[in-house]
1. Please give, to one decimal in nm, the separation of the simple spin-label points placed at I7 and D303, each 7 Å out from Cα toward the Cβ.
2. Just want the answer: with Cβ charges of +1 for Lys and Arg and -1 for Asp and Glu, which residue in F263, A229, G166 is farthest toward the dipole's positive end in the stretch 148-292?
3. Which whole-Hz couplings ³J(HN,Hα) result when phi for each residue of the stretch 316-327 is put into the Karplus expression 6.51 cos²θ - 1.76 cosθ + 1.60, θ = phi - 60°, listed in order with x for Gly and Pro?
4. Kindly put D111, D118, D97 in sequence by how many other C-beta atoms sit within 10 Å of each C-beta, fewest to most.
5. Roughly speaking, what is the stretch gain from A229 to A326, that is 0.36 nm per residue apart minus the C-alpha to C-alpha distance, in nm to one decimal?
6. How large is the convex hull of the Cα atoms of the stretch 188-253 per residue, expressed in Å³ as a whole number?
7. Report, for the chain, the % of DSSP beta bridges that are antiparallel, rounded to 5.
8. Per 10 Å bin from zero, what fraction in whole % of the C-alpha pairs of the stretch 102-178 is there, up to the bin with the longest pair?
Amino acid sequence: MKAYVVIDGEYRLRDVPERSPKDNEVLVKLKVAGLNHRDLMLKDRVKDKGKSFILGSDGAGIIEKMGDNASRFQIGDEVIINPSLNWYHKSEAPPKDFEIVGVPFAGTFADKILIHEDFIEQKPKHFSWEEAGVFTLSALTGYRALVTQGNIKKGETLFIPGVGGGVNSFIIQMAKALGARVITSSRDPKKLKESEKLGFDRGVLTTGDWKSELADEQIDMVIESIGGATFNRSLEVLKKGGRIVTYGSSTNDEFTFNLRQFFYGQYKLIGSTMGSREELHELIKLIKEYKISPIMDKGFSFDQIDQAFSYLASQEQLGKVYIDFAK
Ligand SMILES: NC(=O)c1ccc[n+]([C@@H]2O[C@H](COP(=O)([O-])OP(=O)(O)OC[C@H]3O[C@@H](n4cnc5c(N)ncnc54)[C@H](OP(=O)(O)O)[C@@H]3O)[C@@H](O)[C@H]2O)c1
């Protein structure tokens, strides 16, 4: 099988041996694999470790082979990969043995993936292959941040800086489906205009003066993923006693933070990461009910995977970038 692996510090497409599924494993022939910010980060981090890795957390395809004890699915079933390994039930934090598909386990940037049958799900029928292949990591992260950790309620006002993010595009659609008023931002006025199809109520420029522009809003919750570049400004527009949920830091992990203003404001800071299989099942129910689909940006062939990474790094995209193995 063909895979995108790190060799001598460089990523290359290589032929690698195909393993047969054992016990409860299944071999899925992938049709589409989705790219995430995590792949960009890991691509730099793992390249000097002298080992070979297959990146990629999202994907969808068809079951080609099954181990002797696998029984949840059948050969030929159309499935999506659940990248959130070993986290079965909703809990305050992931279990100790939680891992994400794609480093340290072989990921989806390969034309086939071997995975335990517990971590695949039936492909939602209203999704195309492209949509199915980019869905899980972003949507599951967004679901837990918004619903489990953020506990969004009907009628609340939510601010989500950075409309261009893959996770944020799901959060906006889910928050609208659940009856929230949604405000978002972007650095790019064109992106803000194009993303109106997500259904948000108000959009502002990330470069603008949020404090004065949003002075007329009572923001109950902010979902922050940009990190150091915007965290303090997000806190400034949150109503006193409001909650700020963070699941990412696309800019800086570390920055200065005014503790006194925070405790005077009686704010609540909540962390969130990925989600459990139980939350994935809830999410699939929600997206089926409200016909929520990923926002797609651009597809690349497997041979063009380096270009796909460069495109993701450019941050020009609005929505998901993916590899189409049939191209
Ligand atoms: N904890 C988890 O389980 C988990 C899962 C998935 C992702 N993440 C993290 O969540 C973050 C978002 O990931 P993603 O893949 O959805 O999105 P992404 O492609 O990294 O985009 C995030 C958005 O943030 C805005 N942004 C980025 N840099 C900015 C800057 N310097 N100033 C202002 N705005 C900026 C941009 O919005 P505009 O282009 O609209 O301006 C961008 O589109 C990443 O940090 C990622 O590592 C965490």
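Every read-out reported here was derived from the displayed coordinates using simple, explicitly stated rules and does not represent laboratory data. All values derive from a computational prediction rather than experimental measurement. Note that we place each Cβ from the backbone using ideal geometry, even for glycine, and neighbour counts take in every protein chain shown.
1. Result: 1.8 nm between the two label points.
2. Working it through, the farthest residue towards the positive pole turns out to be G166.
3. Working through the residues one at a time gives 6, 5, 10, x, 8, 10, 8, 9, 9, 5, 8, 6 Hz.
4. Values: D111 18, D118 14, D97 8.
The fewest-first ordering by Cβ neighbours comes to D97, D118, D111.
5. Details: separation 97, 0.36 × 97 = 34.92 nm, distance 3.89 nm.
Working it through step by step, the gained length comes to 31.0 nm.
6. Working: hull volume 6.6 nm³, N = 66.
Convex hull of Cα atoms, per residue: 100 Å³.
7. On the way: 32 of 56 bridges.
The answer is about 55 percent antiparallel.
8. 15, 41, 31, 12, 1
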